[in-house]
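Presented below is the structure to which this report refers.
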């Protein structure tokens, strides 16, 4: 694409590179306009003798076509595209769920000159009709080989991004501790966790309290699973402090596997995620009793959308994982000590 000034008589059929104003400062033409003979007459009448234009060359792909082609390669399940305009294509969520994007490929796409794709953060909770990403071609056209390169990156071995829809999971909470604290545990944990689950389309099946013993917890989990629960949440009088702590042992006792222990999210470092088959088991830290944002707000939506969490996925949460302190926390990170 050629870009530069030409006499107005030679500008017909070329794209105007900049906004043009008349003698009173009112906009005469908007940038990107393909100039017609009538436009040239108006430019001459306004005193213009030359204008800066963009001229497409053989092999160039016009901005809207380039944007649409690349966007089609990016879009995965749960997304629809808005018709290209001004070199831009927006991506709209079709379902409620969790937005996902392959970040390394997103970065590779944005390293191709002239192509930009802005998205929500991976793991964002989205609603139908919400914009989740916007692709913009910067110049008025791109060379065909650059468009093909961007298409290849976007398609990769699968879509670049999509929305994992929430599933109507049946969820139960098991609280462990001394019988004297059971009423307080229910009062502290049940409503905040139930609200989060139901916000993701889940069905709350109830809360059970048990002694903080491996056998009691294992029995309660097995019973819940036998009754058709497909997402278990564990919390209690004390958080899980080690992979050999009582709760992980109880999970392994019923045939579960610990997938995640510890999270670079604060509040919420003492997180555990396990699976028995396809059923996720969330070991929630004490901050889960708070309605302030904490690690369970990152994890529960993903699990409700059927995303299988790994230690690598949780490790990536460290970027942006320092959240606001929660008042319910028994051991705040800042104790007023001087450095």
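The values are calculated or read from the model by the stated rules, or taken from the named source; none is laboratory data. Keep in mind the model is a prediction, meaning the values are calculated, not measured. With ideal geometry, Cβ positions are generated from the backbone for all residues, glycine too; neighbour counts draw on all protein chains shown.
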*Might you check whether a residue that is surrounded by 15 or more Cβ atoms within 10 Å (Cβ to Cβ), closer than 30 Å to residue 101 by Cβ and at pLDDT 95 or above occurs anywhere in the range 177-192?*
yes
*asked:* Going by what's in this entry, would residue 276 be described as in contact with a helix residue (DSSP H, G or I) (Cβ under 6 Å, 6 or more places away or on another chain), surrounded by fewer than 21 Cβ atoms within 10 Å (Cβ to Cβ) and under 19 Å from residue 173 (Cβ atoms)?
replied: no
*asked:* Looking at residue 271 and the list (1) in contact with a strand residue (DSSP E or B) (Cβ under 7 Å, 6 or more places away or on another chain); (2) crowded, with 17+ Cβ neighbours inside 10 Å; (3) closer than 20 Å to residue 100 by Cα, which single condition is not satisfied?
replied: (3)
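Filter the strands (runs of 3 or more DSSP E) completely within the range 1-116 down to those with at least 1 residues that are touching a residue at least 40 places away in the same chain (Cβ under 8 Å) and closer than 22 Å to residue 136 by Cβ.
2-7, 50-55, 60-62, 79-81, 88-93, 97-101
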_Restricting to the range 216-237, name every residue that is touching a helix residue (DSSP H, G or I) at 6+ places or on another chain (Cβ under 8 Å) and surrounded by fewer than 20 Cβ atoms within 10 Å (Cβ to Cβ)._
237
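Just the residues that are in contact (Cβ under 8 Å) with a residue 12 or more places away in the chain and assigned to a helix (DSSP H, G or I), please, taken from the range 172-182. Working first, answer last.
First, pick out the residues of the range 172-182 that are in contact (Cβ under 8 Å) with a residue 12 or more places away in the chain: 172-179, 181-182.
Of everything in the range 172-182, those that are in contact (Cβ under 8 Å) with a residue 12 or more places away in the chain and assigned to a helix (DSSP H, G or I) turn out to be 179, 181, 182.
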_Given (1) without any contact (Cβ under 8 Å) to a residue 24 or more places away in the chain; (2) loosely packed, with under 15 Cβ neighbours inside 10 Å; (3) assigned by TED's automatic domain parsing to the domain that holds residue 153, index of the condition residue 121 fails_ = (1)
*Check 14, 44 and return the single one that is surrounded by fewer than 17 Cβ atoms within 10 Å (Cβ to Cβ) and more than 30 Å from residue 94 (Cβ to Cβ).*
44
*Can you pull out the residues in the range 139-167 that are in a strand (DSSP E or B) and under 19 Å from the mean Cα position of the chain (by Cα)?*
161, 162, 163, 164, 165
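Check 225, 217, 185, 205 and return the single one that is part of a strand (DSSP E or B) and either assigned by TED's automatic domain parsing to the domain that holds residue 280 or farther than 18 Å from residue 306 by Cβ (or both). Please lay out each step first, then the result.
On the way: 225 fails: part of a strand (DSSP E or B); 217 fails: part of a strand (DSSP E or B); 185 fails: part of a strand (DSSP E or B).
Unique residue meeting the criteria: 205.
Check the range 276-285 and report whether any residue there is under 18 Å from residue 103 (Cβ atoms) and modelled with pLDDT of 95 or more. First the steps, then the outcome.
We begin by selecting, within the range 276-285, every residue under 18 Å from residue 103 (Cβ atoms); these are none.
Scanning the range 276-285 turns up no residue that is under 18 Å from residue 103 (Cβ atoms) and modelled with pLDDT of 95 or more.
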